[in-house]
Amino acid sequence: MKIERGKLIETLKELKGKGYKYLVKIAGVDNINSISVLYFVRDIDNNKEEVVEVELDPNDTALPSVEEVYKAADWYERTLYEMFGIEIKGRQIRRLLLEKWNGKGAPLRKNFEWGAPYETKQSKKAVA
Amino acid sequence: MLIKSLAKTAKSLKDPRFTIDYPNEKEQLSDNERYMLRLDMPTCISCGACERVCPNKTITMVDTPTEKGVKKMPQVDIERCLFCGLCQEVCPTKCLTLTKGYDFEAYDKRQFVKRPEELEG
Amino acid sequence: MTTKINIGPIHPSTHGVLRLVVELDGDTIVGVEPHIGFLHRGVEKLAENRMYMQNIGYMEKIDYVAPMAYDDAYVAAVEEAMGVEVKERAKYIRTILLELQRIASHLLWLGTMANDLGQFYTLFMWTFRDRDKILRLLQEHAGARMFYLNMRPGGVVRDLPPDFEENTLQVLDYIEKRITEYEHYLESNQVFIERTKGIGVLSREMAIELGATGPVLRGSGVNYDTRSNKPYYAYSELGFRPQVMFAGDSFARYKVRMLEMKESIRMVREAFKKIPEGDAVGMPVRLIMPQAKNKIVTVNRETPRGEAFIYMIADKERPYRLSIRTPSFINLSLINEIAKGSRLADLFAILGSLDLVMADVDL
Amino acid sequence: MLTFSISAIANWLVSLLSSASVVKQAEGLAAYAIGVAILIMAFAYFLGWLERKIIAKVQARHGPTVVGKYGLLQNLADFMKLLAKSNFFPKSSDKLLFAVALPAMLALSIFLILLLPLAPSTGIGNMTNGLLIVFALFAFMPLLIFINGIASGNKFGEISAQRSVIMIMSYEIPMLIVIASIGMLAHSYDLVNIVESQAHIWYIFLMPLGFFVFFVAMLAELERSPFDLREADSELIAGWLTDVSAPYYTLALFLDYTKMFLGSLIVVILFFGGWSGYGLLPVFWLVVKALIFAIFVMLLRATAVRMKLDRLLRFGWLALMPLALINLIVAYLLFVM
C-alpha cells in the first residue's frame with residue numbers, strides 16, 4: 001500500500017498492532033523522478049505479508065525513523081542513508097555502516113557518478 | 001564426562017587421513033570440471049560472443065596471426081576469471097572450453113594474461 | 001570504570017573481517033558495537049550493470065559457504081520475471097542439491113563453533129572432512145567445488161550423473177552416523193554444555209522484534225521456516241518439518257542446526273524415492289532475457305543461515321533494481337542485544353552460534 | 001612458604017660452598033648441567049614435532065611431511081624463519097620488563113629441571129627440601145606471565161595477565177595441599193626419598209584424588225587445554241604473547257615444550273615412581289613415563305573445550321579444594337598407620 005510520508009509511523013504502528021510484528025526488509029528504489037522506500041512487514045503467526053511504500057521527492061528525502069516501531073530497522077535505515085542519501089530523522093548513530101569512504105553521492109541512486117577509484121595511502125605512494 | 005570424548009579422540013587415531021599429499025597425489029576430477037581455459041584456434045570464428053558474455057571483462061579479442069591471416073581471438077586474463085563457464089556455453093563452435101587442469105601458478109601476475117597462442121593445447 | 005577493547009578485523013574467531021568494539025566492565029560486557037563493511041562489494045549496484053545471466057556468478061559470492069542457496073534464489077527471481085516454470089524433475093534435483101548444500105554449510109558451522117569455544121581444530125577438521133564428501137558430490141554434478149553456477153531458469157545446467165543417487169545415499173549414511181557421533185562428542189563434554197546453555201539468551205519477543213532469521217529465530221521458539229510457510233520446490237511433498245527449540249540460548253541454536261541436518265538427510269532420502277523421470281535441463285544462457293519491463297518480483301528462500309529475500313524490479317536486459325536481504329546481516333545486528341551482560345569468553349560462544357559469514361553480512 | 005624456601009636455598013648454597021671439594025663439585029655440576037641441557041633441547045624439539053604429528057593424526061591430516069624424514073626438521077625450519085625476522089617492542093610496552101620476562105621464564109624452567117633428580121644419584125637433586133624449593137620457584141611462572149602480559153601494554157595481554165592471577169587463586173592452594181600430603185606419605189620433602197618410597201606402590205594408587213587435583217593444577221600451570229585461558233587463541237588472540245615479536249616467539253615456543261617436559265617430569269616423579277623400572281638406565285624409564293604423560297596431555301588438547309574463568313574459580317574452590325582436603329586426610333591416615 002502506498003502512503004504519505006507523514007503517515008508512515010502511524011501506519012506501521014497500526015500494522016504492528018494488527019500482528020505484523022516482524023520487519024523483513026527496508027528497501028529503497030530510485031525511480032529517477034522519485035525515490036520510493038518499501039517496508040516489508042510480516043505477521044509470523046498467520047503467515048501474512050504487507051508492503052508499505054513511501055514515495056519521496058529526490059531532492060527532499062527526509063524520512064522519520066521507524067526504529068521506535070521496529071527495532072530491526074536500525075541497520076536497514078543506516079544503509080538507506082548510506083546508499084540512497086535519505087536523511088533519517090531522529091536517529092542517534094550516524095556512522096556509515098558499509099562503506100568506509102569519503103566520496104560524495106549515494107551509490108545506489110541512478111545518477112551516481114563513477115568517479116576515480118578511492119585513493120588509499122598506498123596507491124598514492126605507488127603513483128609517486 | 002570428558003573421558004568419553006577423550007576416548008573418541010584416541011579412537012580417531014586409527015582413522016584414515018582425508019587430506020592428500022598434494023604435489024605427489026592428485027585429485028580425481030569429473031569431466032564437468034571448470035578450470036583453465038583452452039582455445040582451439042582453427043575452429044574459432046572470431047564472433048566475440050565470449051567477450052560479450054564474460055561478466056568480469058576477463059576476455060578481450062586481440063589480433064592474432066594465424067595461417068589464414070590475422071584474426072581476432074580471445075585473450076584471457078586468468079587472474080580475473082570467475083571460472084563460471086559462460087563463455088564455454090555461448091561459444092557457437094565450442095572452441096573455447098574449460099579444462100580439468102586446476103594447477104597453474106605464476107610468480108608474476110602478468111603471466112596470468114594468456115594470449116590465444118598460450119591457451120591452445 | 002569500563003575499558004574498550006577492539007576485537008578484529010583480524011582475529012582468530014571472527015570468521016573473516018568483522019570488527020567488534022567491546023565495552024567491558026571487568027569481565028562483563030556492557031556493549032558491543034559491530035563495525036562492518038570490510039568485505040563490501042556493492043553486489044546490488046554490480047547487478048544493475050550486468051546482464052541477467054552474468055549476475056549468477058556474483059550472487060554465489062554473497063555467501064561463500066552455501067553458494068548454491070543464493071544461486072537458486074537469484075535464478076528463481078529471474079524465472080519469475082521471465083514467467084518460466086521449473087520442470088518437475090528439476091524441482092526435485094534442486095531440493096536435493098540445496099539440502100546437501102545446507103548439510104555442508106551446517107557441518108562447517110559446527111566445526112567453527114567448536115573452534116570458537118576453544119577446541120583445538122579437531123572437530124573442525126572432522127567436519128571439514130565430512131563436508132568434503134558432500135562437496136565432491138556437488139562437484140560431480142556442477143563441475144566446481146564451491147561456485148557451482150548450476151542453476152538455469154527452468155531447471156539445472158545438466159541432469160544428475162548416473163551414479164549420483166547411490167553415492168549420495170552412501171555419503172548420507174556416513175554423515176548421519178557422524179553427526180550423531182559429534183553430538184555425543186560435544187554433549188558428553190560438561191564444559192561445552194556449561195559454555196552454551198543459558199548463554200546469549202534471545203527471547204521469543206526480542207527475536208521477532210529484532211528480526212532474527214533462520215536457526216536463530218527457530219532457536220528462540222518461533223516456528224517460522226520459509227520452507228514450510230512459503231513452500232517452494234518439492235518441500236511440501238517431502239513433508240518438511242521445521243525444527244524449533246524454545247530456550248533461545250546458544251545451545252538451542254546449536255541444537256536447531258543439528259536437528260536441521262538430520263531433517264535434511266531425511267528429506268534427501270525421501271526425495272530420491274519420489275523423484276520423477278524426465279527432462280531437467282534449464283534454458284541455455286543466451287536465451288535468458290526477460291522481456292517484461294518493470295516487473296516486480298519477490299522471492300523468499302531459506303538459506304542455511306536464514307531467510308534470504310530478493311526484491312527485484314526486472315528490466316529488459318538487466319535488473320533495474322536488485323535488493324537482497326541477507327540473513328547474516330540482520331543476525332549480526334542483534335549481537336549487542338544478546339551479548340550484553342555476559343562474559344567476554346561468552347561473546348565467542350554467541351558469535352559462533354549465530355553462524356555468520358562476513359561476505360553475507362557486507363553484501 | 002616463600003621465606004622458608006629462600007632460607008632453604010640459602011642453606012643449600014652455604015652447605016655447597018662450605019664443603020671441601022667445591023671445585024670438584026662445580027665441575028660435576030657443570031657437566032651435569034650440560035647433559036641435562038642437551039636432554040631438554042632434544043626432548044622439547046621432539047615434543048614439538050610429536051605434538052604436530054599426533055594432533056594431525058587425530059584430525060585425519062598428514063602433519064608436516066616435506067622438511068626432513070616425516071617432517072622431522074619442520075620445526076627447525078620454522079625456528080630459523082622466526083629467528084630471521086626482526087625484533088620489535090611495541091611503543092606502549094615497558095621495554096625492559098618485556099625483554100626480560102620471557103627469557104626469565106625459560107631460564108626458570110630449565111633451572112627447575114636441573115633441580116629435579118633424573119636418576120638415583122644426581123648431585124644437584126639431593127636436597128632435603130627439594131619438593132618445596134621446586135614448587136616455590138614454580139609459583140613464579142604465572143607471575144612472570146602476569147608481568148609479561150602487563151608489560152606488553154596490549155589490552156589482550158592485560159586481560160590475559162588478569163586471568164593469570166585469578167587462575168593462580170583457583171588452583172594453587174589445592175595443589176600445595178596435595179604436595180603436603182605427598183610429603184606426609186614419604187616422610188620427607190626430599191625428591192629422591194619420594195621416588196624411593198614409591199618402590200613398592202606408586203602414589204597414584206595411594207591417592208588417586210590427589211593425582212586428579214594435581215593433574216588439573218599442572219594442566220593449568222602448563223597452559224594446556226582445557227585450562228589455556230591465558231593464551232586462549234580464539235578469545236585473546238594469543239593473550240600475553242600477542243605483542244611478542246618473532247625472535248621472542250621462538251623462545252615462547254621453546255618455553256612451551258620445556259614447560260611440558262618439566263611438568264611431565266614432576267608428575268612422573270611424584271606419582272609414577274620416577275625412574276623405577278626394570279633393566280635399562282633409570283633416566284630411560286623416567287623419560288618414557290614423561291613421554292606417555294605428554295602424549296596424554298596432547299590428546300587432551302585435541303579434545304577439550306576451553307573452560308571459562310568464573311567456572312574455573314568455582315571448580316577450584318568447590319571441587320579441587322575439598323578433594324585435596326580429603327586427600328590430605330587419607331594421606332594422614334596412611335601416615336599414622
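The values are calculated or read from the model by the stated rules, or taken from the named source; none is laboratory data. Owing to the predicted nature of the structure, the values given are computational and were not obtained by experimental measurement. All Cβ positions, even for glycine, are placed from backbone atoms using ideal geometry, and neighbour counts span all protein chains on display.
Considering each of D:Asn193, D:Asn148 in turn, give the residue that is in contact with a His (Cβ under 9 Å, 6 or more places away or on another chain), on the phi < 0 side of the Ramachandran plot and part of a helix (DSSP H, G or I). Don't jump to the end; show me each part of the working.
On the way: D:Asn148 fails: in contact with a His (Cβ under 9 Å, 6 or more places away or on another chain).
Exactly one residue qualifies, and that residue is D:Asn193.
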Answer residue from segment D:238-252, given it is among the hydrophobic types (A, V, I, L, M, F, W, C) and surrounded by fewer than 21 Cβ atoms within 10 Å (Cβ to Cβ) and is nearest to the other protein chains (Cβ to nearest Cβ) among those: D:Ala238
Wholly within segment B:9-121, helices (runs of 4 or more DSSP H) carrying at least 3 residues that are within 14 Å of another protein chain (Cβ to nearest Cβ) and farther than 30 Å from D:Met298 by Cβ: B:49-53, B:86-90
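Pick out, from segment C:275-363, the helices (runs of 4 or more DSSP H) lying fully within it that include 2 or more residues that are away from chain A (no Cβ under 14 Å) and not aromatic (Phe, Trp, Tyr). Step through it out loud before you land on a result.
Working: elements: C:327-333, C:335-339, C:344-354, C:358-362.
Result: C:344-354.
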Segment C:184-200 - residue that is outside any helix (DSSP H, G or I) and at negative phi and, of those, farthest from the other protein chains (Cβ to nearest Cβ): C:Lys197
Every residue from segment C:231-254 that is over 21 Å from A:Asn47 (Cα atoms) and crowded, with 21+ Cβ neighbours inside 10 Å: C:Gly248, C:Asp249, C:Ser250, C:Phe251, C:Ala252, C:Arg253, C:Tyr254
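Select, from C:Glu181, C:Glu205, C:Glu263, the only residue that is within 14 Å of chain A (Cβ to nearest Cβ), free of Cβ contacts under 8 Å to residues at least 24 places away in the same chain, assigned to a helix (DSSP H, G or I) and out of contact with any strand residue (DSSP E or B) (no Cβ under 7 Å at 6 or more places or on another chain).
Working: C:Glu181 fails: within 14 Å of chain A (Cβ to nearest Cβ); C:Glu263 fails: within 14 Å of chain A (Cβ to nearest Cβ).
Within the list C:Glu181, C:Glu205, C:Glu263, the selection yields C:Glu205.
Under the condition of being facing another protein chain (nearest Cβ under 7 Å) and basic (Lys, Arg), which residue from segment D:298-315 is surrounded by the fewest Cβ atoms within 10 Å (Cβ to Cβ)?
D:Arg311
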Tally of residues being free of Cβ contacts under 8 Å to residues at least 12 places away in the same chain and not β-branched (Val, Ile, Thr) across segment D:62-77: 6
Any hit, segment D:196-208, residues being more than 14 Å from every other protein chain (Cβ to nearest Cβ), small (Gly, Ala, Ser), in contact with a helix residue (DSSP H, G or I) (Cβ under 8 Å, 6 or more places away or on another chain) and more than 22 Å from D:Gly316 (Cβ to Cβ): yes
Residue identified as in contact with a helix residue (DSSP H, G or I) (Cβ under 8 Å, 6 or more places away or on another chain) and assigned to a loop (DSSP other than H, G, I, E, B) among D:Ala119, D:Ala101: D:Ala119
Condition broken by C:Arg227, with the remaining ones in (1) within 30 Å of C:Gly341 (Cβ to Cβ); (2) surrounded by 23 or more Cβ atoms within 10 Å (Cβ to Cβ) satisfied: (1)
Filter result for the condition that a residue is surrounded by 24 or more Cβ atoms within 10 Å (Cβ to Cβ) and touching a strand residue (DSSP E or B) at 6+ places or on another chain (Cβ under 9 Å), over D:Ile159, D:Ile194: D:Ile159
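Any residue in segment D:277-294 that is outside any helix (DSSP H, G or I) and in contact (Cβ under 8 Å) with a residue 60 or more places away in the chain?
Step one: filter segment D:277-294 for residues outside any helix (DSSP H, G or I), giving D:277-281.
Among the residues that remain, those that are also in contact (Cβ under 8 Å) with a residue 60 or more places away in the chain are: D:281.
Taking every residue of segment D:277-294 in turn, at least one turns out to be outside any helix (DSSP H, G or I) and in contact (Cβ under 8 Å) with a residue 60 or more places away in the chain.
Results for (1) surrounded by fewer than 20 Cβ atoms within 10 Å (Cβ to Cβ); (2) under 16 Å from C:Glu209 (Cβ atoms); (3) β-branched (Val, Ile, Thr), shown as yes or no for each residue.
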residue: A:Glu4; (1), (2), (3): yes, no, no
residue: A:Lys18; (1), (2), (3): yes, yes, no
residue: A:Lys25; (1), (2), (3): no, yes, no
residue: A:Arg42; (1), (2), (3): no, yes, no
residue: A:Leu56; (1), (2), (3): yes, no, no
Segment C:221-246 residues that are farther than 23 Å from A:Glu49 by Cβ and of a type outside the set (A, V, I, L, M), paired with ones that are at pLDDT below 85 and crowded, with 21+ Cβ neighbours inside 10 Å (beta carbon under 6 Å, 6 or more apart): none
The one condition in (1) away from chain C (no Cβ under 11 Å); (2) buried (at least 18 other Cβ atoms within 10 Å of the Cβ); (3) closer than 21 Å to C:Gly42 by Cα that A:Ala73 fails to fulfil: (1)
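Every residue, every condition in (1) crowded, with 23+ Cβ neighbours inside 10 Å; (2) within 14 Å of another protein chain (Cβ to nearest Cβ), yes or no:
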site	(1), (2)
C:Thr3	no, yes
C:Arg50	no, yes
C:Tyr58	no, yes
C:Glu88	no, no
C:Leu100	yes, no
Selection status of D:Asp228, under 23 Å from D:Phe296 (Cβ atoms) and surrounded by fewer than 24 Cβ atoms within 10 Å (Cβ to Cβ): yes
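Right, A:Ser34: within 14 Å of chain C (Cβ to nearest Cβ) and either over 23 Å from C:Glu307 (Cβ atoms) or small (Gly, Ala, Ser) (or both) or not? Step through it out loud before you land on a result.
Values: within 14 Å of chain C (Cβ to nearest Cβ): yes; either over 23 Å from C:Glu307 (Cβ atoms) or small (Gly, Ala, Ser) (or both): yes.
In short, yes.
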Matching residues, segment C:161-202, being within 22 Å of the chain's Cα centre (by Cα) and under 26 Å from C:Leu344 (Cβ atoms): C:Thr196, C:Gly200, C:Val201, C:Leu202
Boolean, C:Ala280 is crowded, with 23+ Cβ neighbours inside 10 Å and within 24 Å of C:Val84 (Cβ to Cβ): yes
Cβ-Cβ under 9 Å pairs, at least 6 apart or on other chains, segment C:127-149 side within 7 Å of another protein chain (Cβ to nearest Cβ) and touching a residue at least 60 places away in the same chain (Cβ under 8 Å), far side among the β-branched types (Val, Ile, Thr) and part of a helix (DSSP H, G or I): C:Leu149/C:Ile56
Failed condition for D:Leu262, given (1) assigned to a helix (DSSP H, G or I); (2) closer than 26 Å to D:Pro103 by Cα; (3) within 12 Å of chain C (Cβ to nearest Cβ): (3)
